[in-house]
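Working notes for the structure below.
The values are calculated or read from the model by the stated rules, or taken from the named source; none is laboratory data. These numbers were taken from a predicted model, which means no experiment stands behind them. Counting neighbours? That spans all protein chains shown, and the Cβs are built from the backbone with ideal geometry, glycine included.
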Amino acid sequence: MKSYRLSFGTITIINYKLAEVVVDDGIEMDEAMVNQYQFFLLNNLEAPFSLLVNKKHSYSYTFPAQRKITHLDGIKAVAIVIGTSSALMSTKALLGVNGNSYKALKLFQDREEALTWLNKGVIV
């Protein structure tokens, strides 16, 4: 596994088809950050790939970024690890902005369960 530091957080490549994303606390993701995020994923993973989004921290999105983040290219599945009720509410609100285009998306409270779902049920 190799971790990369981007302007908004850290992306860890777990394997050529799977990465974990941790956005820094207090970040407001804007369109430029979402573009950087997508560029990184498309250039470091083999599409279609899966993401483990670990919502360890509190962060937000600008409205244009909200509209774009749920429709990124190359993504097959997303597992989102949610640790708090506020993280759950913000994630549901984000997905409600303009729907979810991913074939498989699931919310988890446990990181290992999320990885198991991605590895067994989605990637293989």
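Which numbered condition trips up Gly99, out of (1) on the phi < 0 side of the Ramachandran plot; (2) at pLDDT below 90? Checking Gly99 against (1) on the phi < 0 side of the Ramachandran plot; (2) at pLDDT below 90, the one that fails is (1).
Val34 meets each of the listed conditions (1) under 12 Å from the mean Cα position of the chain (by Cα); (2) within 25 Å of Asp110 (Cβ to Cβ); (3) surrounded by 20 or more Cβ atoms within 10 Å (Cβ to Cβ) apart from (2).
For (1) over 12 Å from the mean Cα position of the chain (by Cα); (2) in contact (Cβ under 8 Å) with a residue 24 or more places away in the chain; (3) not in a strand (DSSP E or B), each residue gets a yes or a no:
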| residue | (1), (2), (3) |
| --- | --- |
| Asp25 | yes, yes, yes |
| Gln38 | no, yes, yes |
| Leu42 | yes, yes, yes |
| Val53 | no, yes, no |
| Lys68 | yes, yes, yes |
| Val81 | no, yes, no |
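Checked against the criterion of being over 12 Å from the mean Cα position of the chain (by Cα), in a helix (DSSP H, G or I) and modelled with pLDDT under 90, the stretch 103-120 contains one or more residues that satisfy it. Scanning the stretch 54-66 for residues that are over 17 Å from Arg5 (Cβ atoms) and either surrounded by 15 or more Cβ atoms within 10 Å (Cβ to Cβ) or aliphatic (A, V, I, L, M) (or both) yields Lys55, Tyr61, Thr62, Ala65, Gln66. Only a single item in (1) among the hydroxyl-bearing types (Ser, Thr, Tyr); (2) within 17 Å of Asn35 (Cα to Cα); (3) modelled with pLDDT of 90 or more is not met by Ser50, and it is number (2). The single residue among Ile13, Ile75 that is surrounded by 20 or more Cβ atoms within 10 Å (Cβ to Cβ) and either touching a residue at least 24 places away in the same chain (Cβ under 8 Å) or of a type outside the set (Ser, Thr, Tyr) (or both) turns out to be Ile75.
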